[in-house]
Amino acid sequence: MIGDPALIAQILEVRKHAGMMVPLPIQRAMVVALSDSDHVAEQRQRYNSRKARLLPALQAAGFTIDFSDAGLYLWATRNEDCWESVSWLAQLGILATPGIFYGEKGARHIRIAMTATDQQIEDAASRILNTLQG
């Protein structure tokens, strides 16, 4: 940093206390959170349940799901430009990330996050299936 030495000294003092040291209550909360692995299993089950609901609807719409066994995303393709898939889902009110954002090899894929609520995932699956029937 460059500037008035007195001002810089104050900024460095604040940084030393606010930015580098984690307050003791936060440290204690972290110990509790990191000592409990039940929440990890609960979150894994939540994401897997959402995937299990959305995946068949996507497959019915012609998507193939690749490399999505772990984590909170579905990596899907209809072997079309990712923007076409994004657009099709957007018309149904469903957001997906174009695979091209993750590199040239993702140009024909989309990434769908399982971070929406259970109800939102249910609604998305229903919208996809209703579109195919109508």
Pick from MET114, MET21, MET30: which residue has the top mean-square fluctuation in a GNM of the chain where Cα pairs under 10 Å get a spring?
-> MET21
Give me the distance in nm between label points sitting 7 Å out from Cα along the Cα-to-Cβ direction at ALA33 and ARG15, one decimal.
-> 2.5 nm
Most mobile listed residue (VAL22, VAL32, VAL14) in the chain, GNM with C-alpha springs under 10 Å = VAL14
How high is the relative contact order of the chain, in percent, with contacts defined as C-alpha pairs under 8 Å that are six or more residues apart?
-> 21 percent
For region 67-134, Kirkwood radius (reciprocal of mean inverse C-alpha pair distance, Å) = 12.4 Å
Between the Cα axis of helix 38-60 and the main Cα principal axis of the chain, the angle (0 to 90°, nearest 10) is 30 degrees
What value, in deg cm²/dmol to 500, does the helix sum -39500 (n - 2.57) over DSSP H runs of n ≥ 4 give at 222 nm once divided by the residues of the chain?
-> -18500 deg cm²/dmol
Given a 1.4 Å probe, the accessible area of the chain per residue, as a whole number of Å², is 68 Å²
What span do the alpha-carbon atoms of the chain cover on each of the three principal axes, reported in whole Å from largest to smallest?
-> 69, 39, 24
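The values are calculated or read from the model by the stated rules, or taken from the named source; none is laboratory data. The structure displayed is predicted, hence computed values, not measured ones. Please note: Cβ atoms are built from the backbone with ideal geometry, for glycine as well, and neighbour counts cover all protein chains shown. Note: accessible area is taken over every heavy atom of the protein model, side chains too, but ligands, DNA and RNA are not part of it. Shrake-Rupley method; radii C 1.70, N 1.55, O 1.52, S 1.80 Å.
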